[in-house]
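Please read the structure below before turning to the comments.
The values are calculated or read from the model by the stated rules, or taken from the named source; none is laboratory data. Quantities reported herein were computed from a predicted structural model and do not represent experimental measurements. A quick note on method: Cβ atoms are made from the backbone with ideal geometry, for glycine too, and the neighbour counts reach across all protein chains shown. When the accessible area is computed, the model is the full protein with side chains, heavy atoms only, and any ligands, DNA or RNA have been set aside. Shrake-Rupley method; radii C 1.70, N 1.55, O 1.52, S 1.80 Å.
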Amino acid sequence: MSGTVPRLSPATVDVPHRPDTVRILHLGPGAFHRAHQAVFTEDAGGDWGICGVTQRSPAVVDQLRPQDCLFTVVERSRTTTSCRVVGTIRDVLFARAEPERLRAYFTDPKVRIVSLTVTEKGYRPDSGVIGQLVAGLEARRATSEAPITILSCDNLTGNGAVVRSRVLDACARLPHGDALASWITDHVRFPSTMVDRIVPATTDADRAEVRSALGVLDEAAVVGEPFRQWVIEDDFAAGRPAWEAVGAHLTDDVAPYEAVKLRVLNATHSLLAYRGALAGYDTIAEAIADPVLAEEAAEFVEHDVLPTLTVPDDVDITAYRRQVLERFANPALRHRTTQVAMDGSQKLPLRLLGTIRDRLAAGAVPVRAARAVAAWMVYVAVGKDRDGRPLPLDDPLADRLRAAVGEAGEPRALVDGLLSVREVFGEDLPDHVALRAALMEAVTELLTAVR
Ligand code: CS2
């Protein structure tokens, strides 16, 4: 059937106004970027074209290039679906295969922002991303020397400060890194941001829907919920699109917004992902439709998370919590529990362990947060749901986690084995007696349910 349907291109759809000039280089032009920053940037107008740089797989290039980088954003509420073609991406390249083109963009003074959606693991010091930024900044310093902004759009606490320190650490390992580091300090800004929109991986059914709605084949279509939010630290070295005119919140302190989002939304997402996957639910919406899990999620936020938050004045936390649970319950999204369960070793410290540390420091034992961590432990150790269907362990530390679990069939060995992974639990948590007891109790119960 696809043979008879034309590919999405400027010739087959009404094209939105398109910027002429690439001014934003974006590392990681996956589904989230396309449904979030690309949409805000298009709405903001102006001549801010994006070039997407894919790190790991050339698939994104194959999806976008034949379509002149156009793609559809399918927006799904519970009751309505709408499609919109977005035109802000003007170029795309595969870093490994096209290093010269990548370098040319980094050195081009017209490029003012390098933004990133590379997921939590993309910030590991050994990731290609940090090396790519350092090489790009070095090339810029050697040529135009024009100031530039590095804009992290991943779910990390203090994402701007994190990427800055990783970049400067990498400079320190270079032979003449001092000079580069001091140039970076003077010419490069690293604002923090909080990004939010639920964007599940696109499926064949989604592409088929676009085909019947628009009459074209779109290999780069993405699907998102109606909600989107962007809080940005207003600290740019060389200008930015007028994002504040189209709903982004520009501020001088992102931290409290980021904490609310990570500890309420992302943490609850992870809780539902592990608990839901073990219970045999395919999607987050199915998981939260289970009254037991819905109650666990609500109580976790109420008792463990809220006492740790400093809520910004303009956030109504009661409405926010309710809205997060409603967003999760949107059955039209089909966000898979196993997708959210990915990379737990990287996500848990940011989403759950900060809450746990804060509560322990206040003298309380956060049993509900511990139960969420226990669900991750059982997910890692058992690798199947209660109906025996396999659950993938997709994690950069997968081998280490499997080794830590070993043959452990007993809750004690399992909890001790995983707690000993210092990269996840640090030096402090493994020795905490009350936390360990809470984990033991929850793991014991969850293991019984799944075996
Ligand atoms: C999710 C996030 O996959 C995950 O871990 O929790 O991608 C979540 O959907 C977004 O942060 C929502 O903004």
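The figures follow:
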item	result
10 °C / 1.306 mPa s Stokes-Einstein diffusion coefficient of the stretch 131-191, Kirkwood radius on C-alpha pairs, µm²/s	136
Å² of accessible area per residue within the chain, as computed with a 1.4 Å probe and no ligands counted	40
Dipole magnitude of the stretch 187-259 about its Cα centre (Cβ charges: Lys, Arg +1; Asp, Glu -1), debye to nearest 20	220
Evaluated at q = 0.14, 0.16, 0.25 Å⁻¹: base-10 log I(q)/I(0), Debye formula over Cα of the stretch 306-346	-0.52, -0.65, -0.89
Ala237 long-range amide H proximity, modeled H, under 5 Å	Thr149, Arg189
Taking N as its residue count, the alpha carbon Rg of the chain over 2.2 N^0.38 Å	0.99
Mean projection area, nm², convex hull over Cα of the stretch 2-143	10.2
Candidate lysines - alpha carbon under 18 Å from Lys121, same-chain residues fewer than 8 apart omitted	Lys347
Unit charges on C-beta of K, R, D, E only; dipole of the chain, Debye	740
Cα centroid separation - the stretch 214-278 against the stretch 399-451, whole Å	32
Estimated FRET transfer efficiency when R0 is 25 angstrom, pair Glu145-Arg101 (beta carbons, to 0.05)	0.75
Dipole of the chain, positive direction: furthest Cα of Asn266, Ala285, Leu352, with charges on the beta-carbon	Ala285
Antiparallel DSSP beta bridges within the chain, percent to nearest 5	30
Charge context of Ile232, other residues only, Cβ under 10 angstrom, K/R +1, D/E -1	-3
Using θ = phi - 60° and Karplus 6.51 cos²θ - 1.76 cosθ + 1.60, couplings along the stretch 174-188 (whole Hz; Gly, Pro as x)	8, x, 10, x, 4, 5, 5, 4, 6, 4, 4, 4, 7, 10, 10
Sequence-separation-based contact order of the chain, relative, with Cα cut under 8 Å and 6+ spacing, percent	14
Dipole magnitude of the stretch 291-432, debye to nearest 20 (Cβ charges: Lys/Arg +1, Asp/Glu -1, about Cα centre)	400
Rounded to whole Hz, the Karplus (6.51, -1.76, 1.60) HN-Hα couplings of the stretch 417-431, x for glycine and proline	x, 6, 4, 6, 7, 5, 4, 8, 9, x, 8, 8, 5, x, 8
Sum of -39500 (n - 2.57) over DSSP H runs of 4+, divided by residues of the chain (222 nm, nearest 500)	-12500 deg cm²/dmol
Cα-based reach from Lys384 at 18 Å (exclusive), listing aspartates and glutamates while leaving out same-chain residues under 8 positions away	Asp282, Glu286, Asp343, Asp394, Asp395, Asp399, Glu407, Glu410, Glu445
